[in-house]
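First the structure, in the form of structure tokens, and then the observations on it.
The values are calculated or read from the model by the stated rules, or taken from the named source; none is laboratory data. Note that the structure is a prediction, hence the values are computed from the model and not measured. Neighbour counts are summed over all protein chains in view; Cβ atoms, including those assigned to glycine, are modelled from backbone coordinates with ideal geometry. Accessible surface is based on the protein model in full, side chains and every heavy atom, while ligands, DNA and RNA are left aside. Shrake-Rupley method; radii C 1.70, N 1.55, O 1.52, S 1.80 Å.
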Amino acid sequence: MAQVLGINFGQSYASIAVIDKEGHPTCIANEEGERQIACAISYAGEQVYIGNGAKPHLVKNGKNTIMGFRNLLGHTYDEVDHTAILTAPLVADSETPSYTVDILLPPPRQPTPAPRSAAASGTATPNPAASEPIPSTKTLTVPQVTSLFLSTLLASATDFLGAKPTACVVSAPTWFTHAQTDALRNAAKDAGIEVLQVLDEAAAVLVGYRVGLSQERKERGLLGKPEEGSAGEEEKRDKRVVVLDMGETSLSISVVAVAEGEYTVLAKGREDKLGGREFDNLLLKHFAKEFTKKTKVALDLPCGPNASEADKRSEAKLRLAVDHTKRSLSASTGAATCAVESLKDGMDLSTSINRLRFDGLAAGVYRQVGQKLSEVVASAKLDLSQIDEILLAGSLTLFPGLQQHLALLVPATTPVTATIDPSEVIAVGCALQALHLSTLEDGLQIEDVLALGKGEVECTSKPIGLVVPGQQGDEMITLIPAGAPLPVRRRVVIPVKAGTERVALEIWEGKDEVKVEKVDPVPREKTVDDEDDEDEDEDEDDEPEEIKTPVTLKVTCIGATELDIHEGRDVLVEVIVQKSGGVQVRVWEDGHQGHPSTFEV
Amino acid sequence: MASVVTLPITFGAIPSGYSKPTSTSKPSPPISLQVYPAGPSFIASARRQILQRTFAEDDKAVESSRAAAAAAAANGASGDLYPGLGEEQEAPELLASDPKEWKKQDHYAVLGLGNLRYKANDEQIRIAHRRKVLRHHPDKKAATSGANDDAFFKCIQKAHETLTNSDRRRQFDSVDWNIEDEVPDLKKIPADQFCEVLGPIFAREARFSRIQPVPGFGGSDASKKEVEGFYDFWYNFDSWRSFEWHDKEVNEGSDSRDDKRFTEKKNKSERTRRKKEDNTRLRTLIDEVLALDPRIKRIKADEKAARDAKKKGGVAGGPAKPLTPAEKKAAEEKRKAEEAAKAAEEKKNSESSKADREAAKKAKEAARKNLKKWKKSIATVITSSNYFQPAGASASPAIIEKQLGELDVLCELLEPEAVKDLKEQIEKAGSGEPAKAALVAKVNELGEKAEGKFTEFA
């Protein structure tokens, strides 16, 4: 079998996934044991550090360290923001953004010394300066940097697999333009790997979770665990999902309609300033304050562009340390430590922060994330209660505080899912997609298949559902949701009550709405203990609680049919909506497929 | 495949008084949305679209491909590849073989590949070995019969070791005594069975060829080209057959280097001798076969018949019958001969005309030499007749120049012969008007070429 690779190529971190022996995708670690590989390259003298090893160089060797280059791909110099404080600056006089770094070239090869002889040699001792490396500079364009970085990822995967992977799928943010995708593709080609597809990050998450594929998702144990309801036991065939991807530098939210595993984009949103950096800054501020309090050394972090060299250096040091603190906060329940030697003026910092304290600090950021989520969902003309699941991606969504905050925004039956490690899910999804693409059936070309996904596709505009006369009121049972790519087919089974001889059903077109019920809270039983804080409780109890439930109301009737029941078995209903918009309905009793009752519109 | 969901409702009887809704309408028109080109469902939908299948057709195709995959998986899992291979009961004398006598052991028979021999592929060897080991492992024997006998197991291991190493396997195949090099007496083979008998023999010899595939012996109606190709190949046969297997063991125990070298040298010379013998054997075989091959005789006869037919005059030779390759060849040759004759003819023609041309050229050359002389004599006539001026009037220099100039032009335009002709005419006319008339006549003969160039002699 051909070896395929999934690459999550983020702005700050990358991760890689391969298909293991059982045929399931797994995220793999590089030689240093890191699954999250920092997108950083540092030139230090004759050495080049790539990945997590390059990050510490920000402190001493910031001018020769390149970071955050992915988003510059496919842009010209004028289009990008070039005000990096700590990393290598962009070269102003070139069209494609590029960096110049100081390097040391290895010394020129010395002429081989004359064969030794007992006689004193006539030649002068070689000049020691000549064997020193020569200081020089090197200019790298962003595509060059990218392909250099991707080739190290490829090397890691090759080491892991024992053979060079033949093809890969690389993730790119939802907002990447064509030029940027092409630039990424070319960079990967230069690195020596064929890109089957540049996959949207949100799509990679959906593929990774196998959303909409009821059986597979259940088998792999990927279902989320909501507080209530049955969503954790059974995957719905058609649902609305939010993919929330919060990485080191940005937050992106997509609202997607899932129709049995086909993903239609309803709305997209992105916040560039909301990412891990925000949490870093909060922690920096917190620890700097604590440092000042303890040591009486003035330190105000994060510092502005005009800050002193010393401050900038302490910021870089603390940023590296805080990275670790962040991870401990999301991994363990205990307090997370943060220790920096000689943070400023030779004074050390050694302190810790617990989860509660951190959640208090970060509440503002959590709220902003929640707000953005509501905004994006509203732009899809939906209500949060109509969302069936929230999928988390990006290492920052690992914070339990954030997960709790999001869970409170949606109904208790909606799972906030992080069953695949959010920092790995994109790479896993990419690997899975690469597997799907590399095992296409005969007669299918990857280009042809992907070409069908370019541009927009005809989808159902309104839900189509089923109404059994005499059973429901205004509501219908949705068979085909709104936003399902055409043509679409759905089959359902409806049990029949014993002794029924003839059944009738109607097919309706409907609309999704939210039913709002105001429920007066159950009045508290007043006990003696409560007497004291009665005043406080008063305001809370007064407001009636709103309970929102999504419903689908029937609007116009498309058709109706009746069917004779012979053996009292279940009834199957099949509805197909063709590309032209025509609807075909077939109804038959189980085992009597040859005698259906049908109609077409 | 369509997944089926059971709805959380049940059908009851139709409520009394229910009638179908009367007002029905078409569903709303579709809208355009972006889809993510990802996931198996997208690929399935793309497949339906590209291969233009309906849902039902696609279901069928998916089901059949799934069934095929399941069948293949079941096949692979149960290991039913090469059923019965290596599972037959060994003959008692084979079981009793001594692992120390491995040079005399039939490795194929030990692994149960006696019927395949050199045709056995690596996969078959691997599987046969695995099955044999399962049955003859010493641990298993100790458990069942309590005997501590691993002799046959050692034989199996040795056979596997030999047959999985390509060099060793070739050495063994080279000397495989179960395949005889024997050839029946060629002279006793009836001509109509010649190909049937020799086909398998050459197929057997072909296993030693470095160049694969080897052309087959072919049937008795093989074309001249096939037969020639076959003998060409076998006269240039490149064999990998070698005779290391018969080498005498170098006595490891002895320290004497000379002893070792002596044995090695002997082995080497023995190997070359055997190889030479084998090459000669094959060469004689081919020589004999070629000499007796009825096909060669047939081809020669055909060719002769074709030649004869040609001699007799082609068509008269016989009624229209399909051309045999030999006849075709004869016809070809005839055509070639004709073409050659034609070419010779043409050459000859061209040669004769060449001689003509050269003579003409020479004449022309001579004429050109005389041209000046003739021109001068014409000019003399013109001068003597006072440039055709009326008597008494002297010719002006302009007229003289013009007339001489026109004479030059005329001589240039005329062929040297015509100039000679003109000169003779003028000399005949003597002088005066008749001479001028002759000149004018010549100018008029030139016609168009002379137009506008002559004023004096027009």
ask   = Among the residues of region A:267-285, is there at least one that is within 14 Å of chain B (Cβ to nearest Cβ) and open to solvent by less than 20 Å² (accessible area, probe 1.4 Å)?
value = yes
Residues of region A:549-566 satisfying the condition of being within 14 Å of chain B (Cβ to nearest Cβ) and in a strand (DSSP E or B) = A:552, A:554, A:555, A:556, A:557, A:558, A:559, A:560, A:561, A:562, A:563, A:564
ask   = Would you pick out the residues in region A:461-484 that are open to solvent by less than 10 Å² (accessible area, probe 1.4 Å), on the phi < 0 side of the Ramachandran plot and within 7 Å of another protein chain (Cβ to nearest Cβ)?
value = A:464, A:468
query = How about region A:319-349: which of its residues are among the small types (Gly, Ala, Ser) and open to solvent by less than 80 Å² (accessible area, probe 1.4 Å)?
reply = A:321, A:328, A:330, A:332, A:334, A:335, A:336, A:339, A:342, A:346
query = For the subset of region A:485-497 comprising residues that are aliphatic (A, V, I, L, M) and within 7 Å of chain B (Cβ to nearest Cβ), which member is farthest from the chain's Cα centre (by Cα)?
reply = A:496
request  = Answer yes or no: is there a residue in region B:156-163 that is in a loop (DSSP other than H, G, I, E, B) and aliphatic (A, V, I, L, M).
outcome  = no
ask   = over 21 Å from residue A:464 (Cα atoms), out of contact with any Cys (no Cβ under 9 Å at 6 or more places or on another chain), assigned to a loop (DSSP other than H, G, I, E, B) and touching a residue at least 12 places away in the same chain (Cβ under 8 Å), is that true of residue B:17?
value = no
query = Somewhere in region A:510-522, is a residue open to solvent by less than 40 Å² (accessible area, probe 1.4 Å), assigned to a strand (DSSP E or B) and either within 13 Å of another protein chain (Cβ to nearest Cβ) or modelled with pLDDT of 80 or more (or both)?
reply = yes
query = Can you tell me how many residues in region B:253-274 are open to solvent by 40 Å² or more (accessible area, probe 1.4 Å) and under 22 Å from residue B:105 (Cα atoms)?
reply = 3
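For every residue, the table says whether it meets (1) modelled with pLDDT of 75 or more; (2) of a type in the set (Val, Ile, Thr).
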site: B:27; (1), (2): yes, no
site: B:42; (1), (2): yes, no
site: B:45; (1), (2): yes, no
site: B:56; (1), (2): yes, no
site: B:62; (1), (2): yes, yes
site: B:66; (1), (2): yes, no
site: B:78; (1), (2): no, no
note = Taking region A:237-264 and keeping residues open to solvent by 10 Å² or more (accessible area, probe 1.4 Å) and either farther than 23 Å from residue A:452 by Cα or not basic (Lys, Arg) (or both) leaves A:238, A:245, A:247, A:248, A:249, A:250, A:252, A:260, A:262
ask   = Out of region B:141-153, which residues are buried (at least 17 other Cβ atoms within 10 Å of the Cβ) and either in contact (Cβ under 8 Å) with a residue 24 or more places away in the chain or not in a helix (DSSP H, G or I) (or both)?
value = B:150, B:152
request  = Take region B:328-365 and flag every residue that is open to solvent by 100 Å² or more (accessible area, probe 1.4 Å), of a type in the set (Lys, Arg) and under 30 Å from residue B:223 (Cα atoms).
outcome  = B:328, B:335, B:336
ask   = Has region A:195-218 got any residue that is away from every other protein chain (no Cβ under 14 Å) and open to solvent by 50 Å² or more (accessible area, probe 1.4 Å)?
value = no
message = Going residue by residue through region B:35-45, is there one that turns out to be at positive phi, over 44 Å from the mean Cα position of the chain (by Cα) and open to solvent by less than 60 Å² (accessible area, probe 1.4 Å)?
response = yes
Verdict on residue A:317 being touching a residue at least 24 places away in the same chain (Cβ under 8 Å), touching a Cys at 6+ places or on another chain (Cβ under 9 Å), outside any loop (DSSP other than H, G, I, E, B) and more than 30 Å from residue A:267 (Cβ to Cβ) = no
key: Enumeration of residues in region A:412-434 that are farther than 28 Å from residue A:334 by Cα and surrounded by fewer than 21 Cβ atoms within 10 Å (Cβ to Cβ)   = A:413
message = Here's a check for you: in region B:39-60, which residue that is at the interface with chain A (Cβ under 7 Å from one of its Cβ atoms) and of a type in the set (Ser, Thr, Tyr) is nearest to residue A:442 (Cα to Cα)?
response = B:45
ask   = In the set B:28, B:32, B:64, which member is open to solvent by 40 Å² or more (accessible area, probe 1.4 Å), among the hydroxyl-bearing types (Ser, Thr, Tyr) and not in a helix (DSSP H, G or I)?
value = B:32
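To keep it simple, each residue is scored yes or no on (1) open to solvent by 60 Å² or more (accessible area, probe 1.4 Å); (2) under 21 Å from residue A:52 (Cβ atoms); (3) of a type outside the set (D, E, K, R); (4) in contact (Cβ under 8 Å) with a residue 60 or more places away in the chain.
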| residue | (1), (2), (3), (4) |
| --- | --- |
| A:147 | no, yes, yes, no |
| A:156 | no, yes, yes, yes |
| A:162 | yes, no, yes, no |
| A:165 | no, no, yes, yes |
| A:171 | no, yes, yes, yes |
| A:181 | no, no, yes, yes |
message = Of everything in region A:40-65, what is in contact with a Ser or Thr (Cβ under 6 Å, 6 or more places away or on another chain), open to solvent by less than 50 Å² (accessible area, probe 1.4 Å) and not in a helix (DSSP H, G or I)? Give them in sequence order.
response = A:42, A:50, A:65
request  = Would you be able to tell me the number of residues in region A:441-460 that are within 7 Å of chain B (Cβ to nearest Cβ), more than 19 Å from residue A:558 (Cβ to Cβ) and of a type in the set (A, V, I, L, M, F, W, C)?
outcome  = 5
remark   = Scanning region A:418-466 residue by residue, the ones that are part of a loop (DSSP other than H, G, I, E, B), small (Gly, Ala, Ser) and under 21 Å from the mean Cα position of the chain (by Cα) total 3
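Residue-by-condition table, conditions (1) at pLDDT 85 or above; (2) in the same structural domain as residue A:386 (by TED's automatic domain parsing); (3) among the aromatic types (Phe, Trp, Tyr); (4) over 23 Å from residue A:67 (Cβ atoms):
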position	(1), (2), (3), (4)
A:249	no, yes, no, no
A:258	yes, yes, no, yes
A:266	yes, yes, no, yes
A:281	yes, yes, no, no
A:285	yes, yes, no, no
A:326	yes, yes, no, no
note = Taking region B:110-140 and keeping residues in a helix (DSSP H, G or I) and under 41 Å from the mean Cα position of the chain (by Cα) leaves B:117, B:118, B:119, B:122, B:123, B:124, B:125, B:126, B:127, B:128
ask   = For residue A:401, are the conditions met, namely being surrounded by fewer than 21 Cβ atoms within 10 Å (Cβ to Cβ), more than 14 Å from chain B (Cβ to nearest Cβ) and not in a strand (DSSP E or B)?
value = yes
